[in-house]
1. Straight-line reach only, C-alpha to C-alpha below 18 angstrom: list the lysines that K183 could link to, leaving out same-chain residues fewer than 8 apart.
2. If eta is 1.002 mPa s and T is 20 °C, what Stokes-Einstein diffusion coefficient results for the chain, Kirkwood Rh from Cα pairs, in µm²/s?
3. Across region 2-77, how many lysine pairs, 8 or more positions apart or on different chains, have C-alpha atoms separated by under 30 Å? Please give the number.
4. List the lysines whose Cα lies under 29 Å from the Cα of K186, skipping any in the same chain that are fewer than 8 positions away.
5. Taking only C-alpha pairs under 8 Å that are 6+ residues apart, what is the relative contact order of region 27-92 in percent?
6. Quick one: the Cα spread of region 84-185 along its three principal axes, in angstroms, biggest first?
7. For region 2-77, count all C-alpha to C-alpha pairs, find those more than 14 Å apart, and express that count as a whole percent of the total.
8. To check you understand DSSP bridge types, tell me what percent of the beta bridges within the chain (both residues inside) are antiparallel, rounded to 5.
Amino acid sequence: MYKLVKIVDTIRIPPKDFGKPIKESAINVLRSSYEGVVDKDLGLVLLVTKVNSIGVGRIIPGDGATYHDVEFEALVYKPILHEVITGKVSEITQFGAFVKIGPIDGLVHVSQVTDDYVSFNEKTGVLAARETKRTLKEGDTVRARIVSVSLKPVITDSKIGLTMRQPGLGKLEWIEEEKKKKKKGKGGKKK
């Protein structure tokens, strides 16, 4: 889930930035300190959007920089347990499909792709279901539910587990097929 959040912190503006406008210096310091950082409460900080307020600077003996209390806004992404997401398959492996969900990838383990038995075809790079003959390949758009979240300070160490084994989830074409089957089964006319 994407959110705009307000954050209050104290920043250090180095002497080399004293000739620049204070807001410009503050946003540069905040962007280098926050963007791309994973916080367990906030999630992944994507962008510092604006500085709302900057307090009067304080000088600490032995350090030529000034320290300012700031309030700023940032755009963050935090995957929420049980959230339903839509994403594109970015990679297929023998153990599952990686799905791009916002700025990070989640994994749909091969056992969570469908209720059917799924195998990996190494030549084509496709996951294929035995009974239904449904396939999943790189570039497919899917709807999945987040079933596990493990955010780490280094984003590449974070792990997001996904499932597509629930009603209304899966490759978008599969979902449409299921809707048509239900409509047809309820006495609807085939078009």
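1. Cross-link targets: K191.
2. 109 µm²/s
3. Counting lysine pairs in region 2-77 gives 13.
4. By straight Cα distance, K186 reaches K133, K171.
5. Relative contact order, region 27-92: 29 percent.
6. 49, 31, 20
7. Considering region 2-77, 59 percent of its Cα-Cα pairs are separated by more than 14 Å.
8. If I count the DSSP bridges inside the chain, around 95 percent turn out antiparallel.
Just so you know, all these numbers are worked out from the coordinates, no wet-lab data involved. Given the structure is predicted, the values throughout are model-derived calculations rather than measurements.
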